[in-house]
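Some notes on the structure that comes next.
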Amino acid sequence: MASWVVSECSLRPFTAVKIHHKPRPSLPSNTINAFKFKPLPCSAFKVPTLWSKGRNLGGLGLLNVSAPLKVTITSEEDKGKEESTTDGVNNGEFDPGAAPPFKLSDIKAAIPKHCWVKDPWRSMSYVVRDVVVVFGLAAVAAYFKNWFVWPLYWIAQGTMFWALFVLGHDCVAGHLLHSSILVPYHGWRISHRTHHQNHGHVENDESWHPLSEKIYKSLDNATRLLRFTLPFPMLAYPIYLWSRSPGKKGSHFHPDSDLFVPNERKDIITSTACWTAMVGLLAYLSFAMGPMPLLKLYGIPYAIFVMWLDLVTYLHHHGHDEKLPWYRGKEWSYLRGGLTTLDRDYGWINNIHHDIGTHVIHHLFPQIPHYHLIEATEAAKPVLGKYYREPKKSGPLPFYLLGILIKSMRKDHYVSDIGDVVYYQTDPQLYGTNK
């Protein structure tokens, strides 16, 4: 049954379209034979009052549907459940691009109620813990000042900078934490909200979304090679903050950027001012203690933090053994886009960076605090079924992720310009081969 549902974010269609396909280079939007339609009597369609009165809805079929950051499940949404008789199985094989047989409210109902409750004191205890560790590591490194300690300090402190970023990601003292590691809090917060609201969408997603074939081929050879040759992609975050991804314009520091709306201008000015103050503090410390001590105490750990950020962000949306779909147009929905994200196991690092590896539930319900994500994920697994991809278990340190990263960088280059359900394709000539 098809019906129109008004939700908190927009007017959303729910349709009985069944998608039966296997991963392929492209799926044209106008390929009628790729779909099977279930004939319905006219009485099966519920037309909303807004439509029947002929009001201008801004091109109803072209609305960019995006769920709010705080996902609200309504009874009207329940009425619009997408029907699926295949459970994502086509000819005996699971199709990750098929519409799931469950809805967002089914997942939410499976998660215990206490998982949604934020405890401010518990949240602040993690902030205090991490800040104490950061200053403690710096004190130890400054005290010993030898080349046996420095490499260990750089890795440990860079990881702790990353942990601070994750806490700021949960909006716990976010402005202070993010400014201390040279992240413009509000600029990043708003673009990250866009990432959550449009996850899995080819054009509207932010941060490591796929390049379309047209944009990919418009890049010069050096840019293509740098983008997919390690370690350069793992140092991309500062560049992204200044100029976003290829094919997009704007800056996280500029209040008039395409990323922001006019009423967010003051927030961006505030964040940029805080970032500038931190740069000024680092410049002062460079004169006061010398550039080399500052490089060893702050500069190199900052680079390690950036590598962590790019690694984790990339691998939560890339690198699975089976190709996962990206969507555009009418095939995208908040639920289907969120189901393309991946959980990762980081071994001992899981606790240090606050279980950010439990990424699927975090993307679907970002209001769940990080200390409840593991329990919420376990509760949701029976509902998600094969749409949840169990992460490979890590040893104490997640070295196995480097192999996954290298493999993905060599294979996942761009997606087709056409089609509403697309998969990554490989440029066989990128590295000078024709494999």
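The values are calculated or read from the model by the stated rules, or taken from the named source; none is laboratory data. Here the structure is a predicted model, which is why all the values come from computation and not from measurement. All Cβ positions, glycine included, derive from the backbone under ideal geometry; neighbour counts span all protein chains shown. When the accessible area is computed, the model is the full protein with side chains, heavy atoms only, and any ligands, DNA or RNA have been set aside. Shrake-Rupley method; radii C 1.70, N 1.55, O 1.52, S 1.80 Å.
How do 315-321, 135-141 rank on mean C-beta neighbours within 10 Å, highest first? Walk me through the numbers before you get to the answer.
On the way: 315-321: 18.7, 135-141: 14.7.
Going by the mean number of other Cβ atoms within 10 Å, highest first, we get 315-321, 135-141.
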- Note on the structure: Pseudo-spin-label distance His114 to Trp147, built 7 Å along Cα→Cβ, given in nm, is 5.3 nm
- Of the peptides 371-383, 174-186, how do they stack up when ordered by the mean number of other Cβ atoms within 10 Å, highest first? 174-186, 371-383
- Query: Of Lys113/Lys381; Lys248/Lys407; Lys381/Lys411; Lys108/Lys330; Lys113/Lys323, which sit over 22 Å apart, Cα to Cα?
  - Reply: Lys248/Lys407; Lys381/Lys411; Lys108/Lys330; Lys113/Lys323
- Packing-based order for 339-346, 386-393, 248-255, using average beta carbon neighbours within 10 Å, highest first: 339-346, 248-255, 386-393
- Task: Please work out how much length the chain gains when fully extended from Ser125 to Met289, using 0.36 nm per residue of separation minus the C-alpha to C-alpha distance, in nm with one decimal.
- Result: 55.9 nm
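In whole percent, how big is the carbon plus sulfur part of the accessible area of the range 222-368, probe 1.4 Å, protein atoms only?
Numbers: 4260 of 6180 Å².
Carbon and sulfur together cover 69 percent of it.
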